[in-house]
Structure formats: C-alpha cells, structure tokens
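Asker: Take this structure, written in structure tokens, and hold onto it; I'll ask about it next.
The values are calculated or read from the model by the stated rules, or taken from the named source; none is laboratory data. Bear in mind that the values here come from a model prediction, so they are computed numbers and not experimental data. Note: ideal-geometry Cβ built from the backbone for every residue, glycine included; neighbour counts use all protein chains shown. Side chains are part of the model used for accessible areas, which takes the heavy atoms of the whole protein and leaves out ligands, DNA and RNA. Shrake-Rupley method; radii C 1.70, N 1.55, O 1.52, S 1.80 Å.
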Amino acid sequence: MSETTLSTATATSSEQFNRAAAALKAAERDAHAAIDSAVDGLATAYGEAKPLLSRVSQRARDVASDGYDAARERAAALRDRGQQAVESTRGYVQDEPIKSLLIAAAVGAAVIALVEVVRVRRNR
C-alpha cells in the first residue's frame, strides 16, 4: 500500500468515525429529549389527576362514613326494639305468670318436636 492510499484510508476512517460519534451524540440528545418530554408528560398527567384522585378519595371516605353511621343507627334501633320486647315480655310474665309458663312449655315442646323431626329425617 502506498503512503497516499494509507493516508486516504486513514482520513476516510477518521471521517466515518467522526460521523458515527456525531450520530451517537445526536441519538443521545434525542433520547434525553424524549425522556425529558416523557417526564414532563407524566408530571402534567399527575398534576391533572391529583385533584380528581383527591375528590374520589374524599367521596369514598364520605360514603364509608355514611354507611357506618347508617349501620350504627340501625343497630341502635334494633337494640331499642329488643329492649322494648324484653320489657314487654317482663310485664306480661308479671301480669300473667301461669299463662306465661304454659306458653313457654308449649313453645319448648314445639321446639323439641321440630328438632326430633329434623334428626329423624337426617338419619334416613
């Protein structure tokens, strides 16, 4: 190989290397720009979604609180009705002790008969 050919080959290789390095730098800049753009887009989306998420979260807390309050009110109402039934039964037993005893015996016999029927049917 002559010195001129070697010099030309070296210059061509150097130019190609420089072009490849420039292309890599351009690709790196483009990648950074794309990443920055994606980060900006995500930050914007988060900024727009944050108030919505906050409202949804508050609404969920409100609904849960309302459900809890309604359940507490129903439990109190049931407790009151149960207490009224107990008081009513106490009054009836005090006013009619014999009748109460006979009713209790009849209910007990009915429950025993029902349990016996269920037991017999299960054993078949």
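Asker: With the chain treated as a Gaussian network of Cα nodes joined by springs under 10 Å, which of GLY47, GLY67, GLY108 yields the largest mean-square fluctuation?
Answerer: Sorting by GNM fluctuation, first place goes to GLY108.
Asker: Angle check, please: helix 3-95 long axis (alpha carbons) against the longest principal axis of the chain (alpha carbons), in degrees 0 to 90, nearest 10.
Answerer: Taking the Cα atoms of the chain, the angle to 3-95 is about 10 degrees.
Asker: So how much accessible area does THR44 have, in Å² to the nearest 10, using a 1.4 Å probe?
Answerer: 80 Å²
Asker: Roughly how tilted is helix 97-122, in degrees to the nearest 10 and between 0 and 90, from the longest Cα axis of the chain?
Answerer: 50 degrees
Asker: Taking a cut-off of 15 Å, what percent of all Cα-Cα pairs in the range 47-97 are separated by more than that? Let's see the in-between values first.
Answerer: Details: 861 of 1275 pairs.
Value for the range 47-97 (Cα pairs over 15 Å): 68 percent.
Asker: FRET efficiency for ALA76 and ILE103, Cβ-Cβ distance as r, R0 = 41 Å, nearest 0.05? Walk me through the intermediate numbers first.
Answerer: Numbers: r = 30 Å, r/R0 = 0.72.
Here the calculated transfer efficiency is 0.85.
Asker: A follow-up question, please. Express the accessible area of the chain per residue in Å², computed with a 1.4 Å probe while the remaining protein chains stay in the model.
Answerer: On the way: 10910 Å² over 124 residues.
That works out to 88 Å² for each residue.
Asker: For VAL117 and ASP36, compute 0.36 nm times the residue count separating them, minus their Cα-Cα distance, and round to one decimal in nm.
Answerer: 21.3 nm
Asker: From the alpha carbon gyration tensor of the chain, can you work out the equivalent ellipsoid semi-axes (sqrt of 5 times each eigenvalue) and give them in Å, largest to smallest? Mind showing how you got there, number by number?
Answerer: Values: eigenvalues 1773, 142, 8 Å².
Listed largest to smallest, the semi-axes of the chain are 94, 27, 6 Å.
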